[in-house]
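Everything on this sheet refers to the single structure shown next.
The values are calculated or read from the model by the stated rules, or taken from the named source; none is laboratory data. This is a predicted model, so every value here is computed, not measured. Methodologically, a virtual Cβ is constructed for each residue, glycine included, from the backbone with ideal geometry; neighbour enumeration extends over all protein chains shown.
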Amino acid sequence: MTFEPTTPQGFPGRIGRTLADSTPYWPTHGNSTDKPNILLVLLDDVGFSDFGCYGSEVATPTIDAIAQRGLRFSGFHTTAMCSTTRSALLTGRNHHSVGVGCLANFDSGYPGYRGKIAHEAGTIAEMLRPHGYRNYMIGKWHVTPLTETGPTGPFDGWPLARGFDRFYGFLDAETDQYSPEVVRDNTHVTAPGKFETGYHLTEDLVDNAITLLADHTAGAPHLPWMMLLAPGACHAPHQAPKELIDKCEKYFVDGWDAVRERRLQRQIELGIVPKGTQLPPRNENVEPWTNHSPDEQRLFVRLMAAYAAMLEHFDTHLARVIAQLDASGQLDNTVILVMSDNGASQEGGPQGFINAMGPFNLVAEPMEEKISRIDDIGGPDTHSNFPWGWAMAANTPLKRYKQNTHSGGIRDPFVLAWPGVIADEGSLRHNFCHVVDIAPTLMEMLGLEVPTVINGVEQMPIEGHSFAPLISSPSTHVARGPQYFEMFGHRGIWMDGWKAVAFHKPFTTFEEDTWELYNLAEDFNECHDLATAHPDRLATLVETWWQEADKYKVLPLDDRFALRFAENAARHTGERTNYTFWRGMGHLPSDVAPDLRSRSYNIAAHITVPDGGCEGVLISHGDLTSGYSLFIRDGFLEHDLNIGGSHQMLKSDRRITPGNHVVGVHMKRNGNEGTLSMFIDDEIVGTMTT
């Protein structure tokens, strides 16, 4: 017999007529055992000075211990906002380049502002996967459009489509810590507890992180893993256990001016900042602590204590992850990175908030109300945020805040521990580096190539610069090109140790902006403007900024904030005016749900009431801080309109009889005032004005 079977093209073995004259082949599937694990911890809105090892009085012993086993960086920079830093961290490219020039909450209609990471920009998880890594994402994602976060997706921007094997966390910028919007893999799920049962999201996230690590050890102990652990801490709402808030109050009783002074002195002692560094003047519109009344001071102390408690709470639970690694024998083979995504936030305004959802919905929160609710701060019916003075202190000794391109918005704490690599453990690195540099640094240190094609898509070049030589050698000079910054029209550029920066006032022309110039080698915190002394250098830097902006899709400049939210919501809704919800459907996130804000609408529920009557919720959306609910209680139809905690209740004037009914409410808006009418079938059974 002369017949010879054909061996398929690309099959390394041989197909014969029988098993005896065939050669099998098994792919290795990247069964690598010589690479370390990677734990990347990304905190939210934590200021430059907030870790204990960066000068804070806040207790962060877990992070401090990681720093003692590794390095602290004093020249690490981010992008001034959460979505943008995450996109640069994940991809090793500038955030505008990959389509996340601003928040994932909106698509502005331009290539740099889609609110979604382009598929031409593979994530670190997608880079590591071909080399045998299993990748796990826990916590905040916020790099896919929120209009694509509903139960039908599309899911191509969710973690599982961007290289992660498992996901447990939330997709939005923030979430309530006691009643969060959580997702497991590609499905919205209900959190496994509530405030009354002792639930807190930080503990839940860490529980899931530990479970995934234990599962990995059980299922594939020979493979390395990468985990991105991104808690809600310390983004508003600042919510933490009461006993921790009580404990933290003592740190802040003498006010933000004293705290700034103490932190700076401690930073100088630690070597974080150079000797002789002076505090800049208070940020604009921040009053001296002594200008505030005793009641105001008491309020502000409590608000700051809630923020600090949230950080301490996370540090305590991060210790559980470290303990799991230690107990399983993985700690000495795990690279750990801890950082913040931007500076401390100015979003609490000059006086802070007990429940920011009120003012965000045009319901004022006067000082008297704030003071009367001091004991509620950090609890389940609050959306607390601290005032500007404390955000300024958190960013000590830097200027301005999150959203700004001065150092208070973009210079952040960064701790890196790499077992067996760092000879001078516990030391500092003062070189300039940027979050866009993290991915290329990891890939170089691991000795791995960045894929040129991922899922059939040709990849754009890496734009970050590896600082790998610095990790093992403190004296090494790493050459780096210019790094631009832009957020809401605020601009900046670093080049060769110099920085040009322009603060932009909203709704003014960009030509009105004043560019400042700083020599960061001699002026750590931008206190001495050299624009007049070095006009040629400033002109070169400004021109370079425009060239970089053009290169990396920063243009057109756009300083709008709220308007972009409104435009995006209107564009997403389009001509749709009707939503049908059936019993058994799951959660619908806010950006996918009907937008009932400041408009007229109808809610009609088709129900069947049994002979014995019934109770229950027909529809609800929101949480204890804001939202609405239509429900039946004790036979009466009721509606709760919760605007910033102000429960505006409407109850039917009669019970609902057994049988089939159409019940609901009709809102008629006239400017900022609305009339809510309740109906049972064709009869109006209650009205109220809101």
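A few remarks follow.
Per-residue answers, yes or no, for (1) within 30 Å of N333 (Cα to Cα); (2) surrounded by fewer than 20 Cβ atoms within 10 Å (Cβ to Cβ); (3) in contact (Cβ under 8 Å) with a residue 60 or more places away in the chain:
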| position | (1), (2), (3) |
| --- | --- |
| R162 | yes, no, yes |
| Y178 | no, no, yes |
| T187 | no, yes, yes |
| A191 | no, yes, no |
| T197 | no, yes, no |
| L201 | yes, no, no |
| L205 | yes, no, yes |
| I210 | yes, yes, yes |
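- Verdict on S384 being buried (at least 20 other Cβ atoms within 10 Å of the Cβ) and touching a strand residue (DSSP E or B) at 6+ places or on another chain (Cβ under 8 Å): yes
- When segment 461-475 is filtered for residues that are surrounded by 15 or more Cβ atoms within 10 Å (Cβ to Cβ) and under 27 Å from the mean Cα position of the chain (by Cα), the ones remaining, listed by number, are I462, E463, G464, H465, S466, F467, A468, I471.
- D591, sole failed condition from (1) free of Cβ contacts under 8 Å to residues at least 40 places away in the same chain; (2) surrounded by 15 or more Cβ atoms within 10 Å (Cβ to Cβ); (3) not in a strand (DSSP E or B): (1)
- Of all residues in segment 266-289, those satisfying the criterion of being in a helix (DSSP H, G or I), closer than 18 Å to S74 by Cα and in contact (Cβ under 8 Å) with a residue 24 or more places away in the chain are R266, Q267, L270.
- Residue list for segment 459-511, filter: in a loop (DSSP other than H, G, I, E, B), at pLDDT 95 or above and among the aliphatic types (A, V, I, L, M): M460, I462
- Of all the criteria given as (1) touching a strand residue (DSSP E or B) at 6+ places or on another chain (Cβ under 9 Å); (2) surrounded by fewer than 19 Cβ atoms within 10 Å (Cβ to Cβ); (3) of a type outside the set (A, V, I, L, M, F, W, C), the one not satisfied by K242 is (1).
- Here the helices (runs of 4 or more DSSP H) wholly within segment 336-432 that include at least 3 residues being under 21 Å from R298 (Cα atoms) are 367-372, 388-394.
- Residues in segment 110-123 include none that are surrounded by fewer than 19 Cβ atoms within 10 Å (Cβ to Cβ), modelled with pLDDT under 95 and outside any strand (DSSP E or B).
- Among the residues making up segment 423-443, a single one is free of Cβ contacts under 8 Å to residues at least 60 places away in the same chain and either under 26 Å from the mean Cα position of the chain (by Cα) or buried (at least 17 other Cβ atoms within 10 Å of the Cβ) (or both): T441.
- Residues being surrounded by 16 or more Cβ atoms within 10 Å (Cβ to Cβ), of a type outside the set (S, T, Y) and closer than 14 Å to D682 by Cα - total across segment 647-661: 2
- Contacts under 6 angstrom Cβ, first residue in segment 519-533 being closer than 15 Å to P280 by Cβ and touching a residue at least 24 places away in the same chain (Cβ under 8 Å), partner surrounded by 14 or more Cβ atoms within 10 Å (Cβ to Cβ) and of a type in the set (D, E, K, R), 6 or more apart: L520/K499; E526/K399
- Identity of the residue in segment 317-357, under 22 Å from the mean Cα position of the chain (by Cα) and more than 26 Å from F51 (Cβ to Cβ), that ends up surrounded by the fewest Cβ atoms within 10 Å (Cβ to Cβ): M357
- Options F167, F106: the member that is crowded, with 18+ Cβ neighbours inside 10 Å, in contact (Cβ under 8 Å) with a residue 12 or more places away in the chain and either not in a loop (DSSP other than H, G, I, E, B) or not assigned by TED's automatic domain parsing to the domain that holds H313 (or both): F167
- Which listed residue, of M487, M495, is closer than 13 Å to I410 by Cβ and within 29 Å of the chain's Cα centre (by Cα): M487
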